[in-house]
């Protein structure tokens, strides 16, 4: 029971896959905006939560019609842990090692969708230098922090494009010369996949203002090099990047 938060959904996939490997069937109700992610996780039943009638505000680990309802969205509160340990708590609640969250995360990419988005929708070319910029965060991108990048390269902004999922943006992210993103669901994809921007310390992560005031809630999840944690007050980057 974790219907909202694309980052939470990605982070918990190893938990879902562990249950599948143990022989269980996993049903994952999600907010309507995330229902299209189902194509990337064929081993589980990811469905619009409106189709599953359960109490989404319940903090009880209980059974309904023979199915165990695991309240993943509330694990930090259930365990009485500070919010900074919110992500860790999802694994700790089930007595699992949170540092291994990537090991059994199985995502099926849609190569054709990624190519269409890259070449046909965004009109990008092979070898082209550009900045990938993501300013939206919270479920459905309901909050936005402006990021202005002026370094002489094309700016490619992440937007919600009908027919494409956030995972379909992977090719765009992987090939970007620089990445500038609010620290949201993207950071889990940066950890799962190798970005060109990792190589030159060009993944800039920005604080989710005013929801957060620093990077403490997620910086411990970053195991790769190449990240630049941007100061909260810095909103404009105008240094020219040598390409």
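Brief remarks follow.
- Mean-square fluctuations from a GNM of the chain, with a 10 angstrom spring cutoff on Cα atoms, peak among 151, 65, 104 at 65.
- The stretch between residue 25 and residue 67, if pulled fully straight at 0.36 nm per residue, gains 14.2 nm over its current Cα-Cα span.
- The stretch between residue 97 and residue 123 holds 5.2 nm of extra length on full extension. This uses 0.36 nm per residue minus the Cα-Cα distance.
- DSSP bridge pairs, the chain: antiparallel proportion in percent, nearest 5: 20 percent
- Counted residue by residue at 0.36 nm each, then reduced by the alpha carbon distance between them, the extension gain from residue 228 to residue 48 reaches 61.2 nm.
- 222 nm mean residue ellipticity, helices alone, for the chain (DSSP H n ≥ 4; -39,500 (n - 2.57); rounded to 500): -4000 deg cm²/dmol
- Calculated Cα extents along the principal axes in Å (choose from [x] 73, 42, 34; [y] 54, 44, 28; [z] 58, 39, 30), label: [z]
Any read-out appearing in this document is the output of simple, stated calculations on the displayed coordinates, not a laboratory observation. On a predicted model such as this, the values are computed, not experimentally measured, just so you know.
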